[in-house]
Amino acid sequence: MDGFTKDDTTIFSIDMNNGFAKAGKLYSKRVEALIGPTVEFFKLAKASGIKIIGITDKHNADSLEFDSFPVHCIANTSECEIVDELKGFMDMIVTKNSTNCFFAFEPDYKSGHKYIITGCCTDICIYQFATTLKAYLNQHNIISRVIVPENLVDTFDTPSHPAESINHTFLASMKSNGIQVYPKIV
């Protein structure tokens, strides 16, 4: 993890839960395929003492998000649990009731820090958090880096939601918003 230390780096792992990576209405093989590479990255991060914050959907049955998406990750179900392969790496787990985890908690954003965002979905939760975080840092003149490694994010694939082109479009948009998109972080 050259260039990343426990004193200047925080990793966010977004929605690597059972409802997206194992089973459920929003399950995706593409998200499930992120588990292995994410485990390897988290092993390196933990060896360097880097903090990892897990973020997961946890909805009430009447969540407004269900106006846009199928019912998923209902509170007190296994769907909202971080997948077992990653859970042990988490220093903290935060739950969210919307697609943008920025509003779920208030970490202490620091100047000179690196914020690495991993997980799913590139065009929804990853994109919203990354662009909101970057805008917040800009608003408050906090000079920090927001980093998204392409090999550790993905989205679902359906006929009306072609993952390859969506990933390309949203990664390009993140770049144009000042987010550092790396092909691979390590």
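The values are calculated or read from the model by the stated rules, or taken from the named source; none is laboratory data. Being a predicted model, the structure only gives us computed values, none of them experimental. Here the Cβ positions follow ideal geometry from the backbone for every residue, glycine too, while neighbour counts run over all protein chains shown.
Residue count for the stretch 82-94, restricted to those that are surrounded by fewer than 17 Cβ atoms within 10 Å (Cβ to Cβ) and touching a residue at least 60 places away in the same chain (Cβ under 8 Å): 0. The residue that is surrounded by the fewest Cβ atoms within 10 Å (Cβ to Cβ), among those in the stretch 44-68 that are in contact (Cβ under 8 Å) with a residue 40 or more places away in the chain and of a type in the set (D, E, K, R), is Lys51. Out of Ala135, Ala130, one residue alone is at negative phi, surrounded by fewer than 18 Cβ atoms within 10 Å (Cβ to Cβ) and assigned to a helix (DSSP H, G or I). It is Ala135.
Sub-7 Å Cβ pairs linking a first residue in the stretch 1-26 that is touching a residue at least 40 places away in the same chain (Cβ under 8 Å) to a second residue that is crowded, with 23+ Cβ neighbours inside 10 Å and of a type in the set (Asp, Glu), at least 6 apart or interchain, are Asp15/Asp57; Asn17/Asp57; Asn17/Glu79; Asn18/Glu79; Gly19/Asp57; Gly19/Glu79; Gly24/Glu79, ordered by first then second residue.
Given the structure, is Val71 closer than 24 Å to Ala172 by Cα and either surrounded by fewer than 20 Cβ atoms within 10 Å (Cβ to Cβ) or without any contact (Cβ under 8 Å) to a residue 60 or more places away in the chain (or both)? In short, no. Being in contact with a helix residue (DSSP H, G or I) (Cβ under 6 Å, 6 or more places away or on another chain), at pLDDT 95 or above, closer than 18 Å to Thr38 by Cβ and not acidic (Asp, Glu) is a description that applies to Cys120. Annotation: Phe103 fulfils all but one of (1) at pLDDT below 95; (2) under 23 Å from Gly3 (Cα atoms); the unmet one is (2). If you go through the stretch 96-106 and keep only what is hydrophobic (A, V, I, L, M, F, W, C) and either more than 14 Å from Thr56 (Cβ to Cβ) or in a loop (DSSP other than H, G, I, E, B) (or both), you end up with Phe102, Phe103, Ala104, Phe105.
Tell me, please, whether a residue that is over 22 Å from Ala130 (Cα atoms) and at pLDDT 90 or above can be found in the stretch 54-61.
yes
Among the residues here, Tyr109 qualifies as in contact (Cβ under 8 Å) with a residue 24 or more places away in the chain, part of a loop (DSSP other than H, G, I, E, B) and either surrounded by fewer than 15 Cβ atoms within 10 Å (Cβ to Cβ) or in contact with a strand residue (DSSP E or B) (Cβ under 8 Å, 6 or more places away or on another chain) (or both). Across the stretch 147-172, the qualifying residues are those that are touching a helix residue (DSSP H, G or I) at 6+ places or on another chain (Cβ under 7 Å), in contact (Cβ under 8 Å) with a residue 40 or more places away in the chain and part of a helix (DSSP H, G or I), and the one among them that is surrounded by the most Cβ atoms within 10 Å (Cβ to Cβ) is Leu152.
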